[in-house]
1. Please give every one of the lysines within straight-line cross-link reach of Lys173, meaning a C-alpha to C-alpha distance under 18 Å, and leave out same-chain neighbours fewer than 8 residues apart.
2. Please state the relative contact order of the chain as a whole percent: Cα pairs under 8 Å, 6+ residues apart?
3. For labels at Ala63 and Trp149 in the simple 7 Å Cα→Cβ model, what's the distance in nm?
4. Please list 3J(HN,Hα) in residue order for segment 90-98, calculated via the Karplus relation 6.51 cos²θ - 1.76 cosθ + 1.60 where θ = phi - 60°; whole Hz, with x for glycine and proline.
5. What translational D, rounded to a whole number of µm²/s, comes out for segment 1-83 from Stokes-Einstein when the hydrodynamic radius is the Kirkwood one over Cα pairs, at 25 °C and 0.890 mPa s?
6. With charges set only on the Cβ (+1 for Lys and Arg, -1 for Asp and Glu), what does the dipole of segment 1-117 come to about its Cα centre, in debye to the nearest 20?
7. Please turn the phi angles of segment 14-24 into ³J(HN,Hα) values with the Karplus equation 6.51 cos²θ - 1.76 cosθ + 1.60 (θ = phi - 60°), one per residue in order, whole Hz, x for glycine and proline.
8. Collect residues whose amide H, placed 1.01 Å from N in the peptide plane, falls under 5 Å from the amide H of Leu112; neighbours closer than 5 in sequence don't count.
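Laboratory data are not the source of any read-out in this text; all were calculated from the coordinates shown. Keep in mind it's a predicted model, so treat the numbers as computed, not measured. Don't worry about glycine lacking a Cβ; one is built from the backbone with ideal geometry, like all the others, and counts go over all protein chains shown.
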Amino acid sequence: MNILIVAAHPDDEVLGVGATIARHAKAGDKVTTLILATGLDSRGSADADAHRKLRGQADKAAAILGTQELRFASFPDNRMDTVALLDVVKAIEDIARRINPEIVYTHCARDLNVDHEITARAVATAFRPQPNSCATRLLAFDVPSATDWNQNAAPFAPTTFVDAAATLEIKLKAMACYDGELRPFPHARSIEAIRARAVAWGTHVGLAAAEPFELLREIVR
């Protein structure tokens, strides 16, 4: 199968769906990841070398997970609300036409981070149901210390759980590539917390570890 991950920033793809990417790759599926925004700039000045380093980390993480293609759209970090939604939608549609994904993963729309929210909306628009659409499953992931911080919206409520027991360590190894994004425990983006979170979600459904998703749409033909 052709799988598409649409994430806002470098590291979101690992935090939200890393173990599932590795599972798809092990099953022989072709995984393509599109990262829409640059990252870094919202934290202060980031020069070209810093951006090259972050992209290099994304490349390394993708290789560890088994992602076959990694693309960057380079929209402004934490300023995607200044970009016309149509431009974001077209960036997604361009890659969708080329790879014809059957399964699409993206952000939960009820997220505190504005780039995550806009990414979710743009994906929903790009993959609006059309006759003969190739995308039959659309799922939303959450990102720790972003989705769970939005107290003004309904909480993330997963309906689909992917067994991550066999690929969790691959996810953690990929996340370790993003050394500038990791934080010491007990921060939600520490390696220890990411592992504990996967174990906790697993206990919801009788698994040793799991990644949770909201099933936004499924078409059974």
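1. Partners within reach: Lys26, Lys53, Lys60.
2. Relative contact order comes out at 24 percent.
3. Each label point is offset 7 Å from its Cα along the Cβ direction, giving 3.2 nm.
4. 5, 4, 6, 4, 4, 6, 5, 5, 7
5. Working: Rh = 13.1 Å.
It comes out at roughly 187 µm²/s.
6. Details: 14 positive and 18 negative charges, 81 e Å.
Roughly 380 debye for segment 1-117.
7. 7, 4, x, 9, x, 5, 6, 4, 4, 5, 4
8. Excluding prolines and chain starts, which carry no amide H, the hits are Thr147, Trp149, Asn150.
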